[in-house]
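Encoded as structure tokens, the structure appears first; notes follow it.
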Amino acid sequence: MPEKPISEPIGRRIAARRLEMGWTQQDMAERLAISRVAVSHIEAGLSLPSERTIALLAGLFKCSPDLLVAGSDYPAAKAERLPRSVAWFTRLELELALLANDMAWLDRLADPQLEEEICRGWEGKLLEFETAGFEEERLRKEGLGRLRQRRVKPR
């Protein structure tokens with residue numbers, strides 16, 4: 001009879017990914033809209049994360065739910081019900097990626113008047129953007145900093 005491969009506890013995998021991201025249990029709990037105690041119980045193997053929590057975690061860790069649970073002790077019956085893909089980026093992250101594309105386009109275009117108009121529009125958009133937490137606020141400020149630095153650079 002072939003030996004069953006050793007599987008990693010899902011809680012341990014989640015804790016390792018959380019630490020790779022540099023987050024505390026409280027940071028992750030806020031992102032998942034669960035308590036810090038719930039995160040602690042999942043990581044310690046005292047409770048099993050729901051399919052919803054696995055899907056949210058996969059989005060936070062920027063991987064598919066299948067990849068997150070593959071080779072772990074997460075029950076196969078629950079894994080079968082997981083969505084095949086999840087959103088990996090917040091709306092702000094998407095907007096900042098679009099901003100980066102616009103900045104690269106403006107570099108090639110070299111039209112100061114259009115550049116000023118586009119930068120002004122992006123600055124207004126980022127200033128109006130409501131952030132969900134500390135990390136999003138940091139990203140928003142970085143985007144604003146890039147815009148302002150671009151607008152004061154010598155031509």
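Among residues of region 109-130 that are closer than 15 Å to ARG148 by Cα, those with a Cβ under 9 angstrom from a residue that is open to solvent by 90 Å² or more (accessible area, probe 1.4 Å), sequence gap 6+ or separate chain, pair up as PRO112/ARG155; ILE118/TRP105; CYS119/ARG148; GLU123/ARG148; LEU126/LYS141. The requirement of being assigned to a loop (DSSP other than H, G, I, E, B), on the phi > 0 side of the Ramachandran plot and in contact with a Leu (Cβ under 9 Å, 6 or more places away or on another chain) is fulfilled nowhere in region 5-28; no residue meets it. The residues of region 120-155 that are modelled with pLDDT under 80, part of a helix (DSSP H, G or I) and either of a type in the set (A, V, I, L, M) or open to solvent by 90 Å² or more (accessible area, probe 1.4 Å) (or both), listed by number, are PHE134, VAL152. Every condition in (1) over 24 Å from GLU130 (Cα atoms); (2) surrounded by 14 or more Cβ atoms within 10 Å (Cβ to Cβ); (3) out of contact with any helix residue (DSSP H, G or I) (no Cβ under 8 Å at 6 or more places or on another chain) holds for ALA16 except the one numbered (2).
Within region 74-88, does at least one residue satisfy the condition of being of a type in the set (Phe, Trp, Tyr), open to solvent by 50 Å² or more (accessible area, probe 1.4 Å) and without any contact (Cβ under 8 Å) to a residue 24 or more places away in the chain? No, region 74-88 has no match at all. Figure legend. Inter-residue proximity from region 23-50: first residues open to solvent by 80 Å² or more (accessible area, probe 1.4 Å), second residues at pLDDT 95 or above, beta-carbon distance below 6 Å, spacing 6+ or different chains. Indicated pairs: GLN26/ARG36; ARG36/GLN25.
The values are calculated or read from the model by the stated rules, or taken from the named source; none is laboratory data. Values in this document were obtained by computation on a predicted structure and should not be read as measured data. Neighbour counts run over all protein chains shown; Cβ positions are idealised from the backbone, glycine included. What goes into the accessible areas is simple: the full protein's heavy atoms, side chains included, and nothing from ligands, DNA or RNA. Shrake-Rupley method; radii C 1.70, N 1.55, O 1.52, S 1.80 Å.
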